[in-house]
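Here is the structure we will look at, set down as structure tokens.
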Amino acid sequence: MSAAARFLLALACAAFCSTVSATEQSTVTFTSAASPIEIPATLIKPDGTGPFPAVVIMHDCSGLGARSSGAPLRWASELLRQGYVVMIPDSFSPRGFADGVCFIPGSQSSAANGYVRAADAYGALAFLRTLDFVDGRRVGIMGGSHGGSTTLAAMYAPDANDPLADVKRNGFTAAIALYPGCAASYGDWSTRRFGAPSGYFGVYKPLAPVLILVGELDDWTPAEPCRRLAEASRAAGYPVEIKIYPDSHHSFDSSYPVRFDARRNNASSPSGRGATTGGNSAAWEDAKNQVSAFFALHLKQQR
């Protein structure tokens, strides 16, 4: 992680650590699960000896550098108050995308796409399981946008050729994807698309319960493919829940005003560019409740 990124994370932690009793923050490094690349990460634990449940937060396309949306640390603040260890891997800096990939076409940033980053998530999981203050049986994953797509990629059942097949067999206990790209291929689930999706095929088969939270007005990662994905999964008996927030855009969990940026790379747009982002206070408040209840159910109850 760059010095600038570490400085920004320290400032952000200073802003919320005072509200969380005696949190401990450190920078750690682990190996991605499917390659030898070393991934830096921020590790934050609540006061006490544990063992605590934990959540791996996968950042969005803005990364963790100077242009970061700040969403990972906003969610870290919420989770720390509830007694979770939080780990935030930096998938972009070691791959040469310190300023994120929001404005870079996927063809140029494929070295850090969601399928690649799923291996980082499992590397983080393996690292957490080496810590005596973490309950390795109760580790969840969450992320928004690019991190939400990474979450979906991390959770689908692998076939024999999947490089993550071994680690997925003993993987995450629960997952939350905020405004992910659902118009993609995740195992048996796929879409046909020319800009907007024109067909949906198969079933998304998660290895553990998944919750999807998405905005009705999202023009970057639209809600309809997620609704179709969840509907097909639930019909087949898989534990996928979804909540679609009315009057909400991409990044509804932010405090920024709604705005359209024509520079953003957008596979959901016929032109390939331009997307709207901005916060919705009602959706943000409800999302905090949804995340709290979902992880409490799946990560805090004894099994």
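List of remarks:
- Summed over segment 23-40, the residues that are open to solvent by 60 Å² or more (accessible area, probe 1.4 Å) and not in a strand (DSSP E or B) give a count of 1.
- Condition met for ALA236 (open to solvent by less than 30 Å² (accessible area, probe 1.4 Å), out of contact with any Leu (no Cβ under 7 Å at 6 or more places or on another chain) and touching a residue at least 12 places away in the same chain (Cβ under 8 Å)): no
- Filter pass, PRO158 being more than 11 Å from the chain's Cα centre (by Cα), open to solvent by 10 Å² or more (accessible area, probe 1.4 Å) and at pLDDT 95 or above: no
- Residues of segment 125-153 that are under 13 Å from GLY187 (Cα atoms) and without any contact (Cβ under 8 Å) to a residue 40 or more places away in the chain: ALA153 alone.
- Filtered residues of segment 81-115 (kept if among the polar types (S, T, N, Q) and assigned to a loop (DSSP other than H, G, I, E, B)): GLN82, SER91, ASN113
- Residue match in segment 41-48 (condition: of a type in the set (Ser, Thr, Tyr), open to solvent by 10 Å² or more (accessible area, probe 1.4 Å) and within 17 Å of the chain's Cα centre (by Cα)): no
Each row is one residue, and each column tells you yes or no for (1) crowded, with 20+ Cβ neighbours inside 10 Å; (2) among the β-branched types (Val, Ile, Thr); (3) closer than 19 Å to PHE30 by Cβ.
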position: ARG81; (1), (2), (3): no, no, no
position: ALA118; (1), (2), (3): yes, no, yes
position: LEU128; (1), (2), (3): yes, no, yes
position: SER145; (1), (2), (3): yes, no, no
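- With respect to the conditions (1) in contact with a Pro (Cβ under 8 Å, 6 or more places away or on another chain); (2) open to solvent by 10 Å² or more (accessible area, probe 1.4 Å); (3) touching a residue at least 60 places away in the same chain (Cβ under 8 Å); (4) of a type outside the set (Lys, Arg), ILE57 falls short on a single one, namely (2).
- Residue within segment 260-272 that is among the hydrophobic types (A, V, I, L, M, F, W, C), more than 18 Å from the chain's Cα centre (by Cα), open to solvent by 10 Å² or more (accessible area, probe 1.4 Å) and modelled with pLDDT of 95 or more present: yes
- In segment 148-170, the residues that are touching a strand residue (DSSP E or B) at 6+ places or on another chain (Cβ under 9 Å) and in a helix (DSSP H, G or I): GLY148, SER149, THR150, THR151, LEU152, ALA153, ALA154, MET155, LYS168
- Among residues of segment 274-297 that are over 16 Å from GLY215 (Cα atoms) and of a type in the set (Gly, Ala, Ser), those with a Cβ under 7 angstrom from a residue that is open to solvent by 20 Å² or more (accessible area, probe 1.4 Å) and not in a strand (DSSP E or B), sequence gap 6+ or separate chain, pair up as SER292/GLN82.
The values are calculated or read from the model by the stated rules, or taken from the named source; none is laboratory data. The structure presented is a predicted model; accordingly, all values stated were derived computationally and were not measured. A quick note on method: Cβ atoms are made from the backbone with ideal geometry, for glycine too, and the neighbour counts reach across all protein chains shown. Quick note on the areas: whole protein, heavy atoms, side chains included, nothing else; ligands and nucleic acids left out. Shrake-Rupley method; radii C 1.70, N 1.55, O 1.52, S 1.80 Å.
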